[in-house]
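Here's the structure, in C-alpha cells; my notes come after.
The values are calculated or read from the model by the stated rules, or taken from the named source; none is laboratory data. All values derive from a computational prediction rather than experimental measurement. Neighbour counts are summed over all protein chains in view; Cβ atoms, including those assigned to glycine, are modelled from backbone coordinates with ideal geometry. Note: accessible area is taken over every heavy atom of the protein model, side chains too, but ligands, DNA and RNA are not part of it. Shrake-Rupley method; radii C 1.70, N 1.55, O 1.52, S 1.80 Å.
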Amino acid sequence: MSINTLRLRRLRRSAHTAVGRKRGAQPKVVALGGGRGLSASLAALRRITGDLTAVVTVADDGGSSGRLREELGVLPPGDLRKALAALCGDDDWGQTWSRVIQHRFQSHGDLHEHAVGNLLIVALWEQLGDHVQALDLVGKLLGAHGRVLPMSAVPLELQALVRGHDPARPFDVDTVCGQATVALTPGDVQSVHLVPHDPPAVPEAVAAVLDADWVVLGPGSWFSSVIPHLLVPELLDALVETKARRVLSLNLAPQPGETEGFSPQRHLEVLGRHAPKLALDVVLADEAAVPDRSLLADAAERLGAAVELAPVASPDRVPRHDPELLAAAYDRIFRMHGRIGPWR
C-alpha cells in the first residue's frame, strides 16, 4: 500500500471533523484553479452555497507575487488574494475590503504595483508561521463567504515542453520555465510539469476534496492554473478517490499564448493526457462557445462526463463569465446530476 493511499485514508477519516466543515443543509463545494478563472467560479458559487472551499495554485512567478516570492521565499500570494476578494460579499463591508486588498500602489519606489492584499497575507504568514491559519484569519477579516487554501505549502515552478517557443525554430521543442512565460508562449504547449515533481499537498485541501459533495475544476488558464492541480500527487489521488461529483468548467475562448487555437474538445484531451485516471461527471460550456457539440460530447464521454451547455458569458461581449448566469448553471447541474440532498 502506497504512502499516498495511507495518507488519503487518514485524511478521509479526519475530514468530517475539520474545523468549520460540518455537513449542513448546503452542498459542500471545492473549487480548484487560479487567477481570474477561479475568481469567476467563486463569485458564482458563493451565491448558491455557504460551504465553499477554494484550492489555489501556487506557481505564479510574475508581478507583485513574483517579487515577493523571490525576495522573501514565500508562496506567491496573488492568486490566493484574488480568491479571497471573489469570496467577499456584496454588502458595503465586503465590497470595501475587496477593493482594498486588490488595490495596487503606484509609485516610483519599491512599493510600485504591489497589491495591499499580497502584503497583508505575507505579513500574516511571517507572524503566524502557518499558511492556512493566516489565510483563514484574512478571510475572517474580509467576511469571506468561504475558505481559501493553497494547493501546496511550497512554492512551485511550472515548466512546459513547448514546440515553436522560438519562432525562428518552429519545429523544435524547448523546456519553458515559469508560469508567466508559459502563459504567454507563442508556441504549442505539449505538456506541463511542476518542480519539484512531487510537491506535498496541503492536508486541509486534500481533506476538503475528500469530504466534498461537488468538486469544480476551471475555468482558467488551462496549462498554468487548471492542470497544475493534477500534478500534485496527493491532490490528484484525492480527486480520483473522492465520492464527490466532478464538474469541469470550460473557458469562453482560447487564451492567447498557451491555448491559442484550441477547440473546446482539445482542452479536454490535454487534461486527460495529464491525468488519465481522473474521471469527470459534467463538462460545463457556454453554448455560444461550442462550434461542434458532437465533438465535445465525444471528448467528454471519454472522460466519463456529460456535457451541459448554458449561457454563462457576460452580455457585454467581453470573454468573461457572468456570476449570476454561472451560478444558475452550477445550481442546475448540482440539482440535475447530484443527489437532491438535504440542501433541497
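Here are the numbers for this structure:
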| read-out | value |
| --- | --- |
| Out of 64, 98, 107, 39, sole residue that is within 30 Å of residue 236 (Cβ to Cβ), of a type in the set (S, T, N, Q) and over 15 Å from the mean Cα position of the chain (by Cα) | 64 |
| Members of region 67-91 that are outside any loop (DSSP other than H, G, I, E, B) and acidic (Asp, Glu) | 70, 71, 79 |
| Number of positions in region 245-275 that are in contact with an Asp or Glu (Cβ under 6 Å, 6 or more places away or on another chain) and more than 20 Å from residue 158 (Cβ to Cβ) | 3 |
| Some residue of region 103-113 being closer than 27 Å to residue 199 by Cα and either out of contact with any strand residue (DSSP E or B) (no Cβ under 9 Å at 6 or more places or on another chain) or open to solvent by less than 30 Å² (accessible area, probe 1.4 Å) (or both) | no |
| Matching residues in region 67-78 - criterion: being touching a residue at least 60 places away in the same chain (Cβ under 8 Å) and open to solvent by 10 Å² or more (accessible area, probe 1.4 Å) | 69, 73, 74 |
| Candidate set: region 258-277, residues that are out of contact with any helix residue (DSSP H, G or I) (no Cβ under 6 Å at 6 or more places or on another chain) and more than 19 Å from residue 182 (Cβ to Cβ); chosen: the one least open to solvent (accessible area, probe 1.4 Å) | 272 |
| Leading residue by the ranking (nearest to residue 337 (Cα to Cα)) among those in region 254-310 that are in contact (Cβ under 8 Å) with a residue 24 or more places away in the chain and hydroxyl-bearing (Ser, Thr, Tyr) | 263 |
| Residue count for region 125-173, restricted to those that are assigned to a helix (DSSP H, G or I), touching a Lys or Arg at 6+ places or on another chain (Cβ under 9 Å) and charged (D, E, K, R) | 1 |
| Residue list for region 42-67, restricted to those being over 14 Å from residue 208 (Cα atoms) and either among the acidic types (Asp, Glu) or touching a Phe, Trp or Tyr at 6+ places or on another chain (Cβ under 7 Å) (or both) | 44, 45, 48, 60, 61 |
| Strands (runs of 3 or more DSSP E) within region 244-344 that include 2 or more residues under 21 Å from residue 224 (Cα atoms) | 245-249, 282-286 |
| Residue that is surrounded by the most Cβ atoms within 10 Å (Cβ to Cβ), among those in region 164-197 that are of a type in the set (D, E, K, R) and more than 12 Å from residue 257 (Cα to Cα) | 174 |
| Residue identified as in contact (Cβ under 8 Å) with a residue 40 or more places away in the chain and more than 22 Å from residue 86 (Cβ to Cβ) among 321, 337 | 337 |
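Listed here are the residues, each with its yes/no results for (1) free of Cβ contacts under 8 Å to residues at least 12 places away in the same chain; (2) part of a loop (DSSP other than H, G, I, E, B).
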position: 30; (1), (2): no, no
position: 42; (1), (2): no, no
position: 58; (1), (2): no, yes
position: 65; (1), (2): no, no
position: 93; (1), (2): no, no
position: 97; (1), (2): no, no
position: 107; (1), (2): yes, yes
position: 117; (1), (2): no, no
